[in-house]
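Worksheet: one structure, shown below.
The values are calculated or read from the model by the stated rules, or taken from the named source; none is laboratory data. This is a predicted model, so every value here is computed, not measured. Please note: Cβ atoms are built from the backbone with ideal geometry, for glycine as well, and neighbour counts cover all protein chains shown. Areas reflect the complete protein model, heavy atoms only, side chains present, ligands, DNA and RNA absent. Shrake-Rupley method; radii C 1.70, N 1.55, O 1.52, S 1.80 Å.
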Amino acid sequence: MTPSAGGTSWQTCPRCHRDLDLSFAGSACPACGDLLEVRHRPPGSSGVALRELFAGRRGAEGELDRSGVWRFREVVLPDAKAGEVVSHPEGNTPLLRRGSVEQWTGIGGLLLKHEGHNPTGSFKDRGMTVGVTVAKRIGARAVACASTGNTSASLAAYGALAGIPALVFVPAGQVAAGKLAQTIAYGARTLLVRGDFDVCFALAREASEKLNVYLLNSVNPFRLEGQKTIVLEMLEQLGWEPPDWIVLPAGNLGNTSAFGKALREARELGLIPRLPRLAAVQAEGANPFARGFREGFARRHRVKAETAATAIRIGDPASLERAVEAIRATDGVVTDVTDAEILEAKAVVDASGVGCEPASAASVAGARNLAAAGMIRPGESVVAVLTGHILKDPGLLLRYHQEMDPPPPGANRPVEIEPTLAAVEEVLRERP
Ligand code: F0G
């Protein structure tokens, strides 16, 4: 099918194969209710030529080329133009290697793709630059999302960049301080909803349908087009030699879906010869996807979510079906980790000088368990995605290091002293 109105991208329903214009603003197929997917006209090149096109833009100064999302525009939104895109810029995040994290996980050669280096401190910016660009193109009067905090921070920032009012629905009392502070400071109208994320999401969806506001949760398929570039950029950083595994934290399952689509397209375009296996990691108290995986995805699970990793405190993920496809297509796995494992992994990543937010550490904790169980085999190459910045959740950090009794693994208690050299000497005698 071809898009209407001469554009290069359109939306399609993977279930009933109905095509819709890019400007269709609903969050699901109007015929069958399934989530929509974005399709593009194929790029003029593939394989090595396409890799070279992407590489040639690296380090360039143009508005599109300097973004780690828009320099992959042929597979994101091919007709995007400079002057049109709402870009910070974003992306271009590092792939890090830290000995202490390798040692703790037992995975030599473990790499960390740090999405906390994005402008608002999480991977959400990669999707939001595309989502808000489309919102601007179709003349949305306002944009909205439900969020556990990172999406709302990102939406607030990109809404401000575009000059489009942003409305966010967050669970009252359950959002990490850094994220709430950002959302408010960037100027979004912030609604503290008396309910959990799943309640917020249902309300945001209803409000967007009835009040003519453009919904920018990850059910918006343009968000996923931007998030695909986490994988593309990582593969490029690896010289297009795919790792054996990509491990990522999983909540509402937009990112798992985006990774599956990115990998499928990268192989179809001849960018990579084979697919890495995806490992999606949930918190044990918010694990409907992991429960489903253990039963061969025989039925849909919904749970009342509870975890210290508030970013992934989600009991009824919206993008479940696409994520199941991503796991199946990559011979992937879904696992879950306890809050204690998440916090210990976080303490290790933090103490390596890298740092990440709690949900991000789920990928490192999950990688460690998968290696211990023999699922990730010795010598296999693994990239764990760190989805958010260490400063997103200062409250939990301070509780972990200062207040928990007995002190948990890696706790680094600060010491209050009198302002004397003797007091300093005394402390250094205990631990230099
Ligand atoms: N890691 C972080 C730091 C997140 O903020 C999220 C999701 C995820 C992982 C999981 O990604 O939902 O695509 O499976 N945060 C959303 C939000 C829900 O509102 O910020 P997912």
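Tabulated results
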{"read-out": "Those residues of region 381-394 which are open to solvent by 30 Å² or more (accessible area, probe 1.4 Å) and either more than 17 Å from the chain's Cα centre (by Cα) or at pLDDT below 95 (or both), in sequence order", "value": "Ser381, Pro394"}
{"read-out": "Region 325-334, residues that are within 12 Å of the ligand (Cβ to nearest atom) and not in a strand (DSSP E or B)", "value": "Ala326"}
{"read-out": "Residues of region 165-190 that turn out to be over 17 Å from Glu357 (Cβ atoms), open to solvent by 20 Å² or more (accessible area, probe 1.4 Å) and not in a helix (DSSP H, G or I), as a count", "value": "8"}
{"read-out": "Residue tally, condition in a loop (DSSP other than H, G, I, E, B), in contact with a strand residue (DSSP E or B) (Cβ under 7 Å, 6 or more places away or on another chain) and either open to solvent by less than 10 Å² (accessible area, probe 1.4 Å) or not aliphatic (A, V, I, L, M) (or both), over region 209-253", "value": "5"}
{"read-out": "The one condition in (1) out of contact with any helix residue (DSSP H, G or I) (no Cβ under 7 Å at 6 or more places or on another chain); (2) closer than 27 Å to Leu398 by Cα; (3) open to solvent by 30 Å² or more (accessible area, probe 1.4 Å) that Val199 fails to fulfil", "value": "(2)"}
{"read-out": "Restricting region 103-118 to residues that are assigned to a loop (DSSP other than H, G, I, E, B) and open to solvent by less than 40 Å² (accessible area, probe 1.4 Å), the residue that is farthest from Ala351 (Cα to Cα)", "value": "Asn118"}
{"read-out": "Region 318-331: number of residues that are closer than 20 Å to Trp245 by Cβ, touching a Phe, Trp or Tyr at 6+ places or on another chain (Cβ under 9 Å) and of a type outside the set (S, T, N, Q)", "value": "5"}
{"read-out": "Answer residue from region 377-432, given it is in a strand (DSSP E or B) and within 16 Å of the ligand (Cβ to nearest atom) and is farthest from Ile184 (Cα to Cα) among those", "value": "Val383"}
{"read-out": "Output for region 68-82, where each listed residue is surrounded by 20 or more Cβ atoms within 10 Å (Cβ to Cβ), touching a residue at least 60 places away in the same chain (Cβ under 8 Å) and in contact with a strand residue (DSSP E or B) (Cβ under 9 Å, 6 or more places away or on another chain)", "value": "Val75, Val76, Leu77"}
{"read-out": "Strands (runs of 3 or more DSSP E) (entirely within region 1-64) containing at least 2 residues that are crowded, with 17+ Cβ neighbours inside 10 Å", "value": "9-12, 37-40"}
{"read-out": "Candidate set from region 299-324 (those that are over 26 Å from Ala347 (Cβ atoms) and among the basic types (Lys, Arg)); member that is nearest to the ligand (Cβ to nearest atom)", "value": "Arg322"}
{"read-out": "Top-ranked residue of region 121-147 - restricted to ones that are closer than 21 Å to Gly91 by Cα and open to solvent by 10 Å² or more (accessible area, probe 1.4 Å), ranked as farthest from the ligand (Cβ to nearest atom)", "value": "Lys136"}
{"read-out": "Single unsatisfied condition, Asp405 versus (1) open to solvent by 30 Å² or more (accessible area, probe 1.4 Å); (2) at pLDDT 95 or above", "value": "(2)"}
{"read-out": "Residue within region 286-299 that is surrounded by 24 or more Cβ atoms within 10 Å (Cβ to Cβ), at pLDDT 95 or above and outside any helix (DSSP H, G or I) present", "value": "yes"}
{"read-out": "Region 312-329, residues that are closer than 17 Å to Lys261 by Cβ and either acidic (Asp, Glu) or surrounded by 20 or more Cβ atoms within 10 Å (Cβ to Cβ) (or both)", "value": "Pro317, Ala318, Ser319, Leu320, Glu321, Arg322, Ala323, Val324, Glu325, Ala326, Ile327"}
{"read-out": "Residue in region 288-307 that is closer than 21 Å to Glu37 by Cβ, of a type outside the set (Lys, Arg) and touching an Asp or Glu at 6+ places or on another chain (Cβ under 9 Å) present", "value": "yes"}
{"read-out": "Region 335-363, subset farther than 23 Å from Gly374 by Cα and out of contact with any Leu (no Cβ under 9 Å at 6 or more places or on another chain), residue nearest to the ligand (Cβ to nearest atom)", "value": "Ala359"}
{"read-out": "Residue that is open to solvent by less than 20 Å² (accessible area, probe 1.4 Å), part of a helix (DSSP H, G or I), on the phi < 0 side of the Ramachandran plot and in contact with a Pro (Cβ under 7 Å, 6 or more places away or on another chain), where the choices are Ala367, Ala347", "value": "Ala347"}
{"read-out": "Filtered residues of region 254-278 (kept if out of contact with any Phe, Trp or Tyr (no Cβ under 9 Å at 6 or more places or on another chain) and either within 16 Å of the ligand (Cβ to nearest atom) or assigned to a helix (DSSP H, G or I) (or both))", "value": "Gly254, Ser257, Ala258, Phe259, Gly260, Lys261, Ala262, Leu263, Arg264, Glu265, Arg267, Glu268"}
{"read-out": "Selection from region 76-102 of residues that are closer than 28 Å to Gly379 by Cα, part of a loop (DSSP other than H, G, I, E, B) and touching a His at 6+ places or on another chain (Cβ under 9 Å)", "value": "Asn92, Thr93, Pro94"}
